[in-house]
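Down below is the structure, laid out as structure tokens.
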Number of protein chains: 4
Amino acid sequence: MTPRTPEKFAEMREKSRNLIIEKAMDVFAKHGYYKASINMISKAAGISKGLIYNYFKSKDELLQSVFVEGFKYFDEMMKIDQTEISAQEKLEILLNNFTQSLKDNLPFWKLYQNIISHPIISEKLTKFKEYYESVFGPLLMSIFIELFGNEMTEMEIQIEVMLFAAFLDGIAFDYVIMGEEYPLDAIKQKLLGKYFDR
Amino acid sequence: MTPRTPEKFAEMREKSRNLIIEKAMDVFAKHGYYKASINMISKAAGISKGLIYNYFKSKDELLQSVFVEGFKYFDEMMKIDQTEISAQEKLEILLNNFTQSLKDNLPFWKLYQNIISHPIISEKLTKFKEYYESVFGPLLMSIFIELFGNEMTEMEIQIEVMLFAAFLDGIAFDYVIMGEEYPLDAIKQKLLGKYFDR
Amino acid sequence: MTPRTPEKFAEMREKSRNLIIEKAMDVFAKHGYYKASINMISKAAGISKGLIYNYFKSKDELLQSVFVEGFKYFDEMMKIDQTEISAQEKLEILLNNFTQSLKDNLPFWKLYQNIISHPIISEKLTKFKEYYESVFGPLLMSIFIELFGNEMTEMEIQIEVMLFAAFLDGIAFDYVIMGEEYPLDAIKQKLLGKYFDR
Amino acid sequence: MTPRTPEKFAEMREKSRNLIIEKAMDVFAKHGYYKASINMISKAAGISKGLIYNYFKSKDELLQSVFVEGFKYFDEMMKIDQTEISAQEKLEILLNNFTQSLKDNLPFWKLYQNIISHPIISEKLTKFKEYYESVFGPLLMSIFIELFGNEMTEMEIQIEVMLFAAFLDGIAFDYVIMGEEYPLDAIKQKLLGKYFDR
DNA sequence: GATGAATGAGCTTTCATTCAT
DNA sequence: GATGAATGAAAGCTCATTCAT
């Protein structure tokens, strides 16, 4: 007859919230934001529709939260622990992390493609844009300055960064469309060949 | 009051059909497939809702038709008239055509991004996939065979083609997201620099 | 095979719109704004739910329209045609019209009670308030100036008007609650007795 | 750690119950019955949703209880202690009490307006009707018999009572709508002028 | 007694599609 | 061919109520 402790409640909330986000990511990835219904998500999570609104004010906010959860995939991608390594090695690690993440977290990357390219929804993902501009962009820039700082102006290096980013978006795009049959690793090696003699 | 000839008739139908497709492309591009309503499209085209169903069985079929119409942008891109030019020049022309098309036909490319990356809809776009596999892929392949035929196996060239395609998709992706501020031409030059000394 | 003419369409719209407003008034009156569902209204009107949204953007707007429609009951109440009659006669006519309207248009008056006294909804009924202040208030004022202009200041007459309005509102209030058993006419006579010897 | 006595227990229950009723009255008054949620009320009272159901079977029953609690405002209104005073003085005291109560207990009167005029809910308020008929009506009747018993039939006096009650409802109605700016006291004086020379 | 997570019925609203004219 | 009124399924969301602890 003792009531649940606040800790117990927090734990329950945490568990449900994570479950919802996880299943929402799958369903959003599979059907796209608009065709993914709250009903589908609740069924995928084995809970009632109403419960979702206990944790997220709206479908929109749920999407935001799913995306924020996805930030960690970007974080993992950028984890380049060893400080005493060359820029070339850093870029290789980054690429390896990226392709690994594509394989491991396909639902998230599907969602990323679908949402980012969506004309209206993407406006709502301000948090994501800020994150990209403040964290991911500068990291790439620092690596490319190390690589090309001697031979190029900063302006030119900016363009290098954008081309590299385009490549990342491009293989994500194609991998999402083609799935397992896409030769991710071979393409990655080919790309490195464009930057470094091997 | 001359009675319309069958030819006249067919011509009028064709004109109406094209008008609908054109306006539908704009509306789909602006709002995305799901948020674009038949009502919006009919208003943009200045006709009644019902008339659209006179030309297309369903919203889905209209989308298909809009997409098929968009093939012409691919066709234009691949128009490399002079036969007596080098593979390098062909690739340059292709890239020029590509970036020009991005600028000229932004609505189509928005739609392309949005739809292709859409997990379920894309299944319906079989016509597009067939087209890609039978027309665009082979063209790229022929150019790259000319470029690298001596030094690489066909397998490797396939990978080169896919890498190049990834760049194109990535550039389109980023251009659609960032719009006018994206330095399309500078990036194009950088990309060519990865293939040819300049 | 001739398409419907614009006039025909306008007529159809007019008919449906009026039907919806009429039935909405009944249903709102019977159940109150919140318990009255769009579903109930559509069933009362023998049409589909969706059709209501073809004519009114929202439930809110439907309520507004129902109310605007109800203005005519106020207009009828204030119809005092003969110009060459005394203020006393005018007041009598006004009261007669008022009680008659209560009897004839009970649904509207129920709705009026329910909505006006509702803390939040009433804010939306700005049109009604403006109407009252610009039309009904001044009319009462002119009658009471004629009645008491000699003996009272304008300030005092204002109070007389508000007292009279309170009687009207109270009578409507009680009539709506008690229904047919409420002795409307006897009370009307009693009220007149407070103003004129009889 | 003295064990709570049953009396202590009952007292605590009483206190909680009163707190809920008090806060519920505020919330109902502010948002109206339907828009006032159990959640709002529980937050206003600083307790959990579930606890409310420990004291009241349903939202409906809570409303009933809030209303019954409001009877005390009627009781206070009718408190005319001195027995040796004239009917005129009694009526004046009654009116003073009423206007004072309007000012002091605005939330209750808002709720009263909102609920009583609500077509379906009011059916549930049987307790209130019984109360009115057995307590408030007879009191007014006794005063008016004293006032007009010589000159009128009982039937007529009934009508006087109803007109007076309509006036009370009317100023409550208007006061609730207009708020502080409503000249309650001036109107009260005007009314008394209709009954007694002054 | 007390908590708040969880449920599910029911709400308003949207929109592809049909069809009488 | 052409119109737009009308339909109805399905969406997002709210909230009174229950119940395990």
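Looking only at residues that are within 10 Å of DNA strand E (Cβ to nearest atom) and within 15 Å of C:Arg17 (Cβ to Cβ) in the range C:59-73, which one is nearest to the other protein chains (Cβ to nearest Cβ)?
C:Leu63
Every residue in the range A:35-76 that is among the basic types (Lys, Arg), farther than 30 Å from A:Gln100 by Cβ and more than 8 Å from DNA strand F (Cβ to nearest atom), please.
A:Lys43
If a residue must be in a helix (DSSP H, G or I) and over 20 Å from the mean Cα position of the chain (by Cα), how many such residues does the range A:188-198 contain? Spell out how you get there, then give the answer.
First, the residues of the range A:188-198 that are in a helix (DSSP H, G or I): A:188-195.
This time we only want the ones that are over 20 Å from the mean Cα position of the chain (by Cα), so: A:189-195.
So the answer is 7.
Kindly indicate the residue of the range B:180-198 that is closer than 17 Å to A:Glu154 by Cβ and touching a Leu at 6+ places or on another chain (Cβ under 6 Å) and also surrounded by the most Cβ atoms within 10 Å (Cβ to Cβ) among those meeting that condition.
Going through the qualifying residues, I end up with B:Ile187.
What about D:Gln88, is it in a helix (DSSP H, G or I), more than 13 Å from D:Phe128 (Cβ to Cβ), more than 11 Å from the chain's Cα centre (by Cα) and without any contact (Cβ under 8 Å) to a residue 12 or more places away in the chain?
Numbers: in a helix (DSSP H, G or I): yes; more than 13 Å from D:Phe128 (Cβ to Cβ): yes; more than 11 Å from the chain's Cα centre (by Cα): yes; without any contact (Cβ under 8 Å) to a residue 12 or more places away in the chain: no.
In short, no.
Regarding C:Ser117, is this residue hydroxyl-bearing (Ser, Thr, Tyr) and either more than 14 Å from chain D (Cβ to nearest Cβ) or within 9 Å of DNA strand E (Cβ to nearest atom) (or both)? Spell out the reasoning first.
Values: hydroxyl-bearing (Ser, Thr, Tyr): yes; either more than 14 Å from chain D (Cβ to nearest Cβ) or within 9 Å of DNA strand E (Cβ to nearest atom) (or both): no.
In short, no.
Could you grab the pairs with beta carbons closer than 8 Å, sequence gap of 6+ or different chains, first residue in the range A:159-179 and within 7 Å of another protein chain (Cβ to nearest Cβ), second one crowded, with 23+ Cβ neighbours inside 10 Å and not in a helix (DSSP H, G or I)?
Matching pairs, first to second residue: A:Phe173/B:Ser117; A:Val176/B:Ser117; A:Ile177/B:Ser117.
Applying the selection to the range B:129-177, what residues are buried (at least 17 other Cβ atoms within 10 Å of the Cβ) and outside any helix (DSSP H, G or I)?
Listed by number, the list is empty, since nothing qualifies.
Within the range A:67-87, is there a residue that is more than 25 Å from A:Ile171 (Cα to Cα) and hydrophobic (A, V, I, L, M, F, W, C)?
To start, the set of residues in the range A:67-87 that are more than 25 Å from A:Ile171 (Cα to Cα) comprises A:82-85.
If we keep only those that are hydrophobic (A, V, I, L, M, F, W, C) as well, we get A:85.
Yes, the range A:67-87 contains a residue that is more than 25 Å from A:Ile171 (Cα to Cα) and hydrophobic (A, V, I, L, M, F, W, C).
Write out, first by first residue and then by second, each pair whose Cβ atoms fall under 7 Å of each other, whose residues are 6+ apart or on separate chains, and whose first residue, in the range D:96-108, is without any contact (Cβ under 8 Å) to a residue 24 or more places away in the chain while the second is buried (at least 17 other Cβ atoms within 10 Å of the Cβ).
D:Asn97/D:Met77
Considering only residues that are within 20 Å of C:Val176 (Cβ to Cβ) and out of contact with any Leu (no Cβ under 9 Å at 6 or more places or on another chain), which ones fall in the range C:45-74?
Of the range C:45-74, the ones within 20 Å of C:Val176 (Cβ to Cβ) are C:63, C:66-67, C:69-74.
Passing the criteria: C:Glu69, C:Phe71, C:Lys72, C:Tyr73, C:Phe74.
Determine which member of the set A:Ala10, A:Ala24 is in contact (Cβ under 8 Å) with a residue 12 or more places away in the chain and either over 15 Å from A:Phe108 (Cβ atoms) or within 14 Å of DNA strand F (Cβ to nearest atom) (or both).
The match here is A:Ala24.
So how many residues does the range B:180-198 have that are of a type in the set (D, E, K, R) and at the interface with chain A (Cβ under 7 Å from one of its Cβ atoms)?
2
Of the conditions (1) surrounded by fewer than 19 Cβ atoms within 10 Å (Cβ to Cβ); (2) outside any loop (DSSP other than H, G, I, E, B), D:Phe67 fails just one. Which one is it?
Unmet condition: (1).
Identify, by number, the condition in (1) among the hydrophobic types (A, V, I, L, M, F, W, C); (2) facing another protein chain (nearest Cβ under 8 Å); (3) over 22 Å from D:Gln189 (Cβ atoms); (4) under 17 Å from the mean Cα position of the chain (by Cα) that C:Val135 doesn't meet.
Here C:Val135 meets the rest and fails (2).
Can you give me the number of residues within the range B:17-56 that are within 14 Å of chain A (Cβ to nearest Cβ), part of a helix (DSSP H, G or I) and within 11 Å of DNA strand E (Cβ to nearest atom)?
8
Only the coordinates and a few stated rules stand behind these numbers; no lab work does. Since this is a predicted model, take the numbers as computed values, not measurements. Every residue, glycine among them, receives a Cβ derived from its backbone with ideal geometry; neighbour counts consider all protein chains shown.
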